[in-house]
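Notes follow once the structure below has been shown.
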Amino acid sequence: MTGPSGSGKSSLLMLMGGLERATGGTVTALGQDLGQLGEDALARLRRDNIGVVFQSFHLIPTLTALENVATPLDLAGAPDAEARAEAELRAVGLAHRMHHYPAQMSGGEQQRVALARAAAPRPRLILADEPTGNLDGSNGAAIVDLLFDLHDRHGATLVLVTHDMGLAARCARVLHLTDGRLDEDRAAAPRTSEGLRA
């Protein structure tokens, strides 16, 4: 999704993830009418099916990278939470940082932890809100490649909010919002080996 600041991209993403409630209309995600679900049901839907990657990471500062990734799995009752967390951290290149705290890591490393946390439950839907916005160019490019890899490895649908038109062009479909309204909906260029199929 693209569009100017304030056009509603992040709000739409939060509605899709059940993190905000719509004031009108219907929001359907993963076959569920989110407006009909109570808070507990929404929390279960997110826990079991939706991974969210925020621009500002949202890691718990008092937990290590491993604990940040394993905690949602523990809360879901996964018996192999630590092993899955370790595997996802290895997949994003952080085997050597598992026992470090967020303050001990760079911004790019913190975003990798956030990606591992989003991917560990093996969600059907990954929502990414400007995931490269706080990163320099090289770290941002690495994070984008990792997002596409997560999509390919887990077969999840990736919905991405970005101002970067080059990144948007790598997606299978591009939505453009203006003032809270869909201004354009088009298929992007045919997928290349490094592209994304949403």
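The values are calculated or read from the model by the stated rules, or taken from the named source; none is laboratory data. Nothing here was measured: the structure is a model prediction, and the numbers come from that model. Cβ atoms come from the backbone with ideal geometry, glycine included; neighbour counts cover every protein chain shown. These accessible areas exclude ligands, DNA and RNA; they are computed on the full protein's heavy atoms, side chains included. Shrake-Rupley method; radii C 1.70, N 1.55, O 1.52, S 1.80 Å.
Results, tabulated for the structure shown:
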quantity	calculated
Whichever residue in the stretch 6-60 is of a type in the set (Ser, Thr, Tyr) and outside any loop (DSSP other than H, G, I, E, B) and, among such residues, is surrounded by the most Cβ atoms within 10 Å (Cβ to Cβ)	SER10
Considering residues of the stretch 134-156 that are touching a residue at least 60 places away in the same chain (Cβ under 8 Å) and over 13 Å from the mean Cα position of the chain (by Cα) only, the residue surrounded by the fewest Cβ atoms within 10 Å (Cβ to Cβ)	ARG153
Tally of residues being open to solvent by less than 40 Å² (accessible area, probe 1.4 Å) and more than 22 Å from THR132 (Cα to Cα) across the stretch 67-83	4
Among residues of the stretch 96-122, those that are open to solvent by 50 Å² or more (accessible area, probe 1.4 Å) and in a helix (DSSP H, G or I), counted	4
